[in-house]
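Written below as structure tokens is the structure these notes are about.
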Amino acid sequence: MVAGAVVLRRSAFTVPVDDSKRLSPRARRRAFFAILACADVGVGIVEPAGIDTRNIFHASLEAMRQAVTQLPEPPHHLLIDGPWAVPGLDVPMTPVVHGDRRSLAIACASIVAKVVRDELMVWYDQEHPAYGFARHKGYPTAAHLAALIEHGPCPIHRRSFRPVARLLGSDPSWLGVRPLQVYGH
């Protein structure tokens, strides 16, 4: 789980900046470098074992908390993407549902998180080439699920991810399950 925190010093971009899901990978990378040039950036990462321990929701809140603490200076106010406040921060905050479409700063944080996560998946692909992480970025595509069946899970697979849990557990009927939607970056 990767989260980004962005404090804009300037907000005039020469490249498109939008919700990270609405940008192509190439446009996201261009926006990422433009954001780094005009913002303070923090990144928080919760590894797969941390997601398994906490669950994906609490891991996302922890990644957000970490991202804020990685900023060079504490912010005066936070806009949070989603309906929940982030625990463990002594900063006033406003949750914004669909914030990555409604706030430039949240969109920038979304881009930072997505690009960092995608780069991590490319690195993991070099460590575990049988799974094709560089292509599908860890999302549950048919190719990813087929690699899980063929090779079993590797150390970066979340044991709480239903297909992995079923593969490792007593429920082999998961082979007919459609890929699950994954939230977060």
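Laboratory data are not the source of any read-out in this text; all were calculated from the coordinates shown. Because the structure is a prediction, the values reported are computed rather than measured. Positions of Cβ are generated from backbone atoms using ideal geometry, with glycine treated the same way; all protein chains shown enter the neighbour counts.
Name the single residue that is farthest from the chain's Cα centre (by Cα) among those in region 16-38 being farther than 14 Å from V112 by Cβ and in a loop (DSSP other than H, G, I, E, B).
P16
Within region 89-117, how many residues are assigned to a loop (DSSP other than H, G, I, E, B) and among the small types (G, A, S)?
Matching residues across region 89-117 total 1.
Can you confirm whether region 64-76 contains a residue that is more than 20 Å from L8 (Cβ to Cβ) and out of contact with any strand residue (DSSP E or B) (no Cβ under 8 Å at 6 or more places or on another chain)?
No, region 64-76 contains no residue that is more than 20 Å from L8 (Cβ to Cβ) and out of contact with any strand residue (DSSP E or B) (no Cβ under 8 Å at 6 or more places or on another chain).
Being among the β-branched types (V, I, T) and in contact (Cβ under 8 Å) with a residue 24 or more places away in the chain is the filter; apply it to region 105-147 and report the residue that is nearest to V41 (Cα to Cα).
That would be V112.
What residue, among those in region 60-77 that are in a helix (DSSP H, G or I) and hydrophobic (A, V, I, L, M, F, W, C), is surrounded by the most Cβ atoms within 10 Å (Cβ to Cβ)?
If we take residues in region 60-77 being in a helix (DSSP H, G or I) and hydrophobic (A, V, I, L, M, F, W, C), then M64 is surrounded by the most Cβ atoms within 10 Å (Cβ to Cβ).
Restricting region 1-52 to residues that are of a type in the set (S, T, Y) and without any contact (Cβ under 8 Å) to a residue 24 or more places away in the chain, which is nearest to A134 (Cα to Cα)? Give the steps one after another, and end with the answer.
First, the residues of region 1-52 that are of a type in the set (S, T, Y): 11, 14, 20, 24.
Still in the running and without any contact (Cβ under 8 Å) to a residue 24 or more places away in the chain: 14, 24.
Values: T14: 28, S24: 15 Å.
Among residues in region 1-52 that are of a type in the set (S, T, Y) and without any contact (Cβ under 8 Å) to a residue 24 or more places away in the chain, the one nearest to A134 (Cα to Cα) is S24.
Tell me whether region 52-68 contains one or more residues that are over 17 Å from the mean Cα position of the chain (by Cα) and at positive phi.
So far as region 52-68 goes, no, none of its residues is over 17 Å from the mean Cα position of the chain (by Cα) and at positive phi.
For residues that are part of a loop (DSSP other than H, G, I, E, B) and touching a strand residue (DSSP E or B) at 6+ places or on another chain (Cβ under 7 Å), tally how many sit in region 78-88.
Counting residues in region 78-88 that are part of a loop (DSSP other than H, G, I, E, B) and touching a strand residue (DSSP E or B) at 6+ places or on another chain (Cβ under 7 Å) gives 5.
Of all residues in region 140-172, how many are part of a loop (DSSP other than H, G, I, E, B) and either among the polar types (S, T, N, Q) or loosely packed, with under 14 Cβ neighbours inside 10 Å (or both)? Steps first, please.
First pass over region 140-172, keeping only residues part of a loop (DSSP other than H, G, I, E, B): 140-141, 152-161, 169-171.
With either among the polar types (S, T, N, Q) or loosely packed, with under 14 Cβ neighbours inside 10 Å (or both) added as a condition, the list becomes 141, 152, 155, 160, 169-171.
Going through region 140-172 one residue at a time, the tally reaches 7.
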